[in-house]
Structure formats: C-alpha cells, structure tokens
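One structure is given here, and the rest of the page talks about it.
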C-alpha cells in the first residue's frame, strides 16, 4: 500500500473503470435529482468561497492586511480540508470533495496573501495557526481514523468533525444578528451574503435528504435557518446606510467571528 492509498483509503484491489476515486465517489447516474442538486450546491458554495475577493484586492492594492484577521480564512481552509477528505472517503461523495477541493485552493491563496502582506505579529500568528489547524489537525485526523477505525467508523467520525465545525462557523453571525436587533439597522448584514448562505444551506440540505447524509443535512440545515433568520432581520430592520459601504470595507467572510478590531467596525457576520 503506497502513501496515497494509506491516506485516502483507496485499495489497489478495487476494480476500477478509470480511476479509483471516480468509481468510488461519483453519484449514481440514475440519481439525476441528487446530481442536479449537488451541482447547484457547488455553484452557491463557490459564490461563498469567492465572496472575500474584494477584501483581498484591497489587500494587494494597499500591500497591507491592515486590521483584518486571518482566523476566518485559516478556519475556512481547515473546513475545506476536512470536507474534501470526507467526500473522498464517502461513496458517491466526489462532487462534495470537488467543491471543497476548490475551497482548499482559494482559501490557501487568501492565507498566503496574509502571510505576504500582514504585519509581523499577524504573520507569526497566521503561520502558527496554519501549522496547527491546517496541517497538524487534518494530518492527525487522517492518521488516527485510518489507524484506529474501520471504514464506516472513519466516515462517521469525519462527518461529526465536519458537521460540528460547520455548525460552529454558521453560528458566528449570532453576534451580528444581536446587534441588528439592538441598533434596529441591518447595515452589518450584507444582503447578498446572507442570501447566499440561506440558499446554499437549503440546497445542501435537500441534497442531504436525497442521499440520506445526516452530517451534511444537520450542518447545512443550521446554515439555512440562520441565513433565513438574517434575511428576516434584513426585512424587519432595513439598513440605514448602503450595504455597499460595508462590502467596500471587506466584510465578506460569513463563517468565523473576526478579530476584536473588526468587531469594533461591525460586530460581524
């Protein structure tokens, strides 16, 4: 067994049509509904992955990350790594692995820009977080599950890890939602981002129901509920200022609470 086979659980004894991952993970061709939903979910997921581009165009232009925190992007990279491995291990999960594989690529670019343009203190903090969360944790998770658990238990354990991380990150907008109620203004909830989170959660929840994947269902169901709640607040408390002004400041990241400096600006999504 070579190193790739060990990490991804692909046996050389499997009978393959073209490649082990393709046969092992592609959705069944007769399940057109789940395939269509998966592609739709991939599109909305890509929208969310690409949403911080405005922030990083500003970072590159100014050659500084200013007061932005790298934690959201480090954690998003961790999430993408775990979901990619989950998609590889789980039968019919190739498209889940594909979109999160793209997430690994784009989040790596974001983190690299932090390492390139961040102040010395933030750069050191980012390097430490990357080493622990984006390298150490995924490698440890893979090794421990591969060495101690059977195939089905590996998938279930990875599912719990992925779902737990998703629920935590989807729960981060609660602080911003509380501020909306307090200030009676939704200027801190960019509409396009809240809408994307809601639709993305809904689509992946439907997919989870179709393929009976409770881990994807629970985590994205929570995202749908919180996204819908944000839209309700946006309707109840219209922004007193243009949302575009907020987006111009780079507050695109929906998943993780920002640094204390950013909280001073928006108390976050």
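Just so you know, all these numbers are worked out from the coordinates, no wet-lab data involved. Just so it is clear, the structure is predicted and the values come from calculations on it, not from any experiment.
Subtract the Cα-Cα distance of residue 39 and residue 236 from 0.36 nm times their separation in residues, and report this length gain in nm to one decimal. Between residue 39 and residue 236, full extension yields 67.7 nm more. Subtracting the Cα-Cα distance of residue 167 and residue 112 from 0.36 nm times their residue separation leaves 17.2 nm of extension gain. Extension gain, residue 191-residue 135: 0.36 nm per intervening residue step, less the Cα-Cα distance, totals 16.8 nm.
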